[in-house]
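**Student:** I'd like to ask you about the structure that follows.
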Amino acid sequence: MDLTLQNITHRYGDVAVLDDISLDIPAGQIVCIIGPSGCGKSTLLRLIGGLERADQGKILQLGEPPTGCLNPLTFVFQDFALLPWRDVAGNVSLVLEDHGLGQSKTDAIVADVLARTKLGDFRKALPRQLSGGMKQRVAIARALAVNPAVMLLDEPLSALDAQTRELLMEDLIALWTRAPFTGVYVTHNLAEAVRLGHRVVVLSRRPGRIREVIDIDLPLEDRHMNHPELEVHQARLWTLMKEEAAAADQELLHV
Ligand code: ADP
Ligand code: MG
């Protein structure tokens, strides 16, 4: 299923947050969205996920969701959003309840996604017994369990230390390589954007407008830390982010 955003504009009261965002998100691709803090990235994900309705513009879902899809759009959040009283398997199976799957089918899906996220040995562990990286792998497993058409990831690695972030980026690439998923991946981390994005969309400061779209042709599985081609893209992103920060400083001078 492809997603198409057409001229999305949104405001909260007097505050214009997003201005005329148009974007195609083709099935099987990861689109990263970067931009300064407060530019409307999380708002855009919430609009795509249907948690809020855009003031203007359209979000179109084109084509069929994958077979076996229980929920077309799922979120992965920075703070993991796990239920502390449920074990790992229980946090994942939560999203399978109310679908009438039956116990053996539910167990099979849970076992499959926990194996894919390397959590098979931790199915009985409680969230408080897990590291941050493992907690986020549980949240990713939970998102994968519904076989979504599109995963909406909001700064999923931002609460993790640098090493764990690197490991999780490798895990996400391995997951995508085995079974390509469609992702909208919001981050303010430029290194993550160039590692994981088939396309990187740069938003301006608030109100978020699309400043630039960069396509990165290098296959995900060939991307590694400090890859020269990725460093070129990252340098370009950094230039754009610096321009936005400088313009924001100038605006402060004139208020
Ligand atoms: P980002 O994720 O890029 O940091 P957000 O989308 O969270 O930005 O927020 C964009 C702007 O909208 C911010 O100024 C924020 O304070 C404001 N905002 C976000 N959600 C709400 C809301 N529910 N009500 C009012 N203002 C909001
Ligand atoms: Mg945000």
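The values are calculated or read from the model by the stated rules, or taken from the named source; none is laboratory data. All values derive from a computational prediction rather than experimental measurement. Heads up, the Cβs are rebuilt from the backbone with ideal geometry, glycines too, and the neighbour counts pull from every protein chain shown.
**Student:** Inside segment 4-28, can you point out the residues that are buried (at least 19 other Cβ atoms within 10 Å of the Cβ) and under 14 Å from the mean Cα position of the chain (by Cα)?
**Tutor:** Once the filter is applied, which keeps residues that are buried (at least 19 other Cβ atoms within 10 Å of the Cβ) and under 14 Å from the mean Cα position of the chain (by Cα), segment 4-28 yields only 25.
**Student:** Could you list, in sequence order, the residues of segment 42-57 that are in contact with a Leu (Cβ under 7 Å, 6 or more places away or on another chain), closer than 19 Å to residue 79 by Cα and in a helix (DSSP H, G or I)?
**Tutor:** 43, 44, 45 - these are the residues of segment 42-57 that are in contact with a Leu (Cβ under 7 Å, 6 or more places away or on another chain), closer than 19 Å to residue 79 by Cα and in a helix (DSSP H, G or I).
**Student:** Related question: The conditions are (1) closer than 24 Å to residue 173 by Cα; (2) part of a helix (DSSP H, G or I); (3) within 16 Å of ligand 1 (Cβ to nearest atom), and residue 33 fails exactly one of them. Which is it?
**Tutor:** Going through (1) closer than 24 Å to residue 173 by Cα; (2) part of a helix (DSSP H, G or I); (3) within 16 Å of ligand 1 (Cβ to nearest atom) one by one, residue 33 breaks only (2).
**Student:** Name the residues in segment 10-56 that are within 13 Å of ligand 2 (Cβ to nearest atom) and among the β-branched types (Val, Ile, Thr), would you?
**Tutor:** 17, 33, 34, 43
**Student:** Is it the case that segment 213-227 has a residue that's more than 16 Å from ligand 1 (Cβ to nearest atom), under 19 Å from residue 44 (Cα atoms), in the same structural domain as residue 43 (by TED's automatic domain parsing) and outside any loop (DSSP other than H, G, I, E, B)?
**Tutor:** Residues of segment 213-227 that are more than 16 Å from ligand 1 (Cβ to nearest atom), as a first pass: 213-227.
Remaining after also requiring under 19 Å from residue 44 (Cα atoms): 213-214.
From what's left, in the same structural domain as residue 43 (by TED's automatic domain parsing): 213-214.
The next check asks that each one be outside any loop (DSSP other than H, G, I, E, B); those that pass are 213-214.
The answer is yes, given that some residue of segment 213-227 is more than 16 Å from ligand 1 (Cβ to nearest atom), under 19 Å from residue 44 (Cα atoms), in the same structural domain as residue 43 (by TED's automatic domain parsing) and outside any loop (DSSP other than H, G, I, E, B).
**Student:** Identify, from the list 134, 151, 169, the residue that is free of Cβ contacts under 8 Å to residues at least 24 places away in the same chain and crowded, with 16+ Cβ neighbours inside 10 Å. Step through it out loud before you land on a result.
**Tutor:** Values: 151 fails: free of Cβ contacts under 8 Å to residues at least 24 places away in the same chain; 169 fails: free of Cβ contacts under 8 Å to residues at least 24 places away in the same chain.
Being free of Cβ contacts under 8 Å to residues at least 24 places away in the same chain and crowded, with 16+ Cβ neighbours inside 10 Å holds for just one of 134, 151, 169, which is 134.
**Student:** I would also like to ask the following. For segment 89-122, enumerate the residues that are outside any helix (DSSP H, G or I) and over 20 Å from residue 178 (Cβ atoms).
**Tutor:** Start the filter on segment 89-122 by keeping residues that are outside any helix (DSSP H, G or I), which leaves 97-102, 117-119.
Scanning segment 89-122 gives 97, 98, 99, 100, 101, 102.
**Student:** Restrict the check to segment 42-50 and report whether at least one residue is farther than 30 Å from residue 239 by Cβ and under 21 Å from the mean Cα position of the chain (by Cα).
**Tutor:** yes
**Student:** Quick check, is residue 157 within 16 Å of ligand 2 (Cβ to nearest atom) and under 20 Å from residue 75 (Cα atoms)?
**Tutor:** Criteria met by residue 157.
**Student:** Turning to a different aspect of this structure: Can you confirm whether residue 108 is more than 16 Å from ligand 2 (Cβ to nearest atom), over 17 Å from the mean Cα position of the chain (by Cα), under 23 Å from residue 138 (Cβ atoms) and buried (at least 19 other Cβ atoms within 10 Å of the Cβ)?
**Tutor:** Judged against the criteria, residue 108 is not a match.
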